[in-house]
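The values are calculated or read from the model by the stated rules, or taken from the named source; none is laboratory data. Since this is a predicted model, take the numbers as computed values, not measurements. Positions of Cβ are generated from backbone atoms using ideal geometry, with glycine treated the same way; all protein chains shown enter the neighbour counts. Note: areas computed on protein heavy atoms with side chains; ligands, DNA, RNA excluded. Shrake-Rupley method; radii C 1.70, N 1.55, O 1.52, S 1.80 Å.
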Amino acid sequence: MIQTQNLTKKYGRTVAVNRLNLTVRQGTVFGLIGENGAGKTTTLSMLATLTVPTFGRAFVNGFEVCKHPHDVRMSIGYMPDAFGVYDDLTVTEYLYFYAECYGIKGALARRRSVDLLEWVNLQNQRKTYVNALSRGMQQRLELARCLMHDPQVLILDEPASGLDPRSRIELRRVLRRLRELGKTMIISSHILNELSEVSDEIGMMRGGELSAVAAVDALLDQTGAYRRLWIQAAAEPESWHRVLANVPQVLEYALRPQGVEMVFSGLEEEQAELLKRLIQSGIAVTHFGEQPTDIESLFLRLTERGVLPHDAG
Amino acid sequence: MMRGNPLLLKEFRQRMRTRRAPLVIMGYFISMALLTFLLLYENVQGQLTLLLPARGEQVFVTLGLLQMAVVVFLTPAFAAGAVSGERERRTLSVLLTTPLSPFTILMGKVLSSSALLLLLVVVTLPLYSLVFLFGAAVPQELVGVFGFQLLTIVLVAAMSVCWSTLALRSGWSTVLSYATVTWMVLITGLFGYGLQYAATRFPIDYFLLNWGQFLLRLNPLWIEAGLAGAVPGHFARDSLWFLGFYGSITVILWVLSSGRLRPQSYAFSARFRHGDEKDFE
């Protein structure tokens, strides 16, 4: 498991991470989202023993990162957001090198590399030079590298950044399989949709602080109840206000030149009722439809409204 | 050693797999061979019936000094980007999350970057044996000259790797490494020799003489010339002084570099580790 207690990192006057209290239970996947500069990479860097906290504590697999960095390193597989690969090494040599760094040699290293390359679908690239692989393949190779010493905890910083859609899908497949294996993972991204498929819990970082934490299941349960509707019609603003202000399911709405956009908390029957009321009040509706749910804005809205647990800090 | 240091094996694989390594070795050997034959021919004046060991000694000294100058100036080219290059290629952070100790990482980098230079020195051994046949040097001199060259390469490589760790960027580490080599070869040589020359003009001024000797003892070419028997003096003692001086600098840089690689090692106090919220506020 991973736990932080008031974890703080300060660079001069800039506070990169501010009193972060975070718990990732064993065998669960925690998604950390936030904009660039929110403090995600610094947090993961402290957990990976690369950065010393200014104050506070962090525990990974039961070891404190400052007191027992060696034990932490043996327990983690770390994938940085921007990683490079060694030139002039084949895929197999690359994995052997990292295996040897962890004291894994001989038959065990060979067996693990064969299994892992098959697992990340790179079995046909064993003798290919690492620098000749595509970005997506290098990303998967990095995941295999992280797993060479069979760590309990995986720390993945923006694993999908710079990948094309096909590679993203392939990466998600691999991450889901890792989740099934019971690995504790903390994954960062600035795109929530990317994390919601593989994570058990989502935490949002803003300005170095963890502003909200929510279980993904709870979040997804709400996506059905909170819909974004787009109604196209030519009507005066007063007409819109008269109708929409009296519909309790309309949580918020914004008038646009060609219609109205709203967040609607209701089922299909209630949507039909809204459409009926609009027509009855003389608004000539030319389009009435649901828009894809933006899970990120939903997450923010729900945590701000207190619909989801807001147990950060 | 390679079995105990995975980084060394990996670096050897990477460095020796490129075309550059054999080309550098072959080019260096051919250049040195041509120079040796030219010097030998010039020394015997085209006749082989009368061999003069004193002239052969000149060849031995010239070769030794030239080789020392070349390898000392080549070493930073191979070592100055050892760690900063990893940082720039973004492979360092992953390497630092492995359980490899800073000592293992730095030692792997030092030995791998000096390996090619050591190979350059070793491939010229047959050329020295030619000089040896002319009776120009005794075995002890040959061993002393070669041993000193090898140790100097490792020292310069170690300092360059440390600069590479501390300077963050390869450009800066290259500048610092070459500044170190310039100090070792040019500054100590010019000022040391200049002060000694001035001392001959003002014989009662021991200050000039002492500083001149001090600086020359820090010059690898001076020590090398002494070990080859070209200049009089206690060069076995001087070489120990040389190694002790630069060895101490290397140890200091090494400790600082280890701290740069693993900052946790230097978070001595509990306050630093766990922090004091009041101080932070």
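Laid out as a table, the results:
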| read-out | value |
| --- | --- |
| The listed residue being surrounded by 19 or more Cβ atoms within 10 Å (Cβ to Cβ), away from chain A (no Cβ under 14 Å), at pLDDT below 95 and assigned to a helix (DSSP H, G or I), out of B:Val110, B:Val143, B:Val131 | B:Val131 |
| Residue match in the range A:72-86 (condition: over 18 Å from the mean Cα position of the chain (by Cα), closer than 18 Å to A:Met1 by Cα, aliphatic (A, V, I, L, M) and open to solvent by less than 10 Å² (accessible area, probe 1.4 Å)) | yes |
| All positions within the range A:56-71 that are at the interface with another protein chain (Cβ under 8 Å from one of its Cβ atoms), in a strand (DSSP E or B) and surrounded by fewer than 22 Cβ atoms within 10 Å (Cβ to Cβ) | A:Arg57 |
| Residues being open to solvent by 50 Å² or more (accessible area, probe 1.4 Å) and either in contact with a His (Cβ under 6 Å, 6 or more places away or on another chain) or of a type in the set (Ser, Thr, Tyr) (or both) - total across the range A:224-274 | 2 |
| Qualifying residue in the range B:188-195 (condition: buried (at least 18 other Cβ atoms within 10 Å of the Cβ) and in contact with a Ser or Thr (Cβ under 6 Å, 6 or more places away or on another chain)) | no |
| Among (1) at pLDDT 80 or above; (2) surrounded by 17 or more Cβ atoms within 10 Å (Cβ to Cβ) - the single one B:Glu57 does not satisfy | (1) |
| Verdict on A:Gln3 being part of a strand (DSSP E or B), away from chain B (no Cβ under 13 Å), open to solvent by 20 Å² or more (accessible area, probe 1.4 Å) and at pLDDT 90 or above | yes |
| Residue count for the range A:111-169, restricted to those that are charged (D, E, K, R) and open to solvent by 40 Å² or more (accessible area, probe 1.4 Å) | 11 |
| Which numbered condition A:Thr8 fails, given (1) part of a strand (DSSP E or B); (2) within 8 Å of another protein chain (Cβ to nearest Cβ); (3) open to solvent by 10 Å² or more (accessible area, probe 1.4 Å) | (3) |
| Condition met for A:Gly39 (buried (at least 22 other Cβ atoms within 10 Å of the Cβ), in contact with a helix residue (DSSP H, G or I) (Cβ under 7 Å, 6 or more places away or on another chain), on the phi > 0 side of the Ramachandran plot and more than 7 Å from chain B (Cβ to nearest Cβ)) | no |
| Pair list, Cβ under 6 Å, 6 or more apart: the range A:13-38 residue part of a strand (DSSP E or B), other residue hydroxyl-bearing (Ser, Thr, Tyr) and open to solvent by 70 Å² or more (accessible area, probe 1.4 Å) | none |
| Per-region count, the range A:88-105, residues charged (D, E, K, R) and more than 7 Å from every other protein chain (Cβ to nearest Cβ) | 1 |
| Close pairs (7 angstrom Cβ cut-off, 6 or more residues apart or separate chains): at pLDDT 95 or above in the range B:176-195, open to solvent by 50 Å² or more (accessible area, probe 1.4 Å) anywhere | B:Leu176/B:Trp163; B:Ser177/B:Trp163; B:Val181/B:Phe73 |
| Verdict on A:Ile202 being within 14 Å of the chain's Cα centre (by Cα) and modelled with pLDDT of 85 or more | yes |
| Test for A:Asp87: is it touching a helix residue (DSSP H, G or I) at 6+ places or on another chain (Cβ under 9 Å) and of a type in the set (Asp, Glu) | yes |
| Residue list for the range A:72-84, restricted to those being within 7 Å of another protein chain (Cβ to nearest Cβ) and among the β-branched types (Val, Ile, Thr) | A:Ile76 |
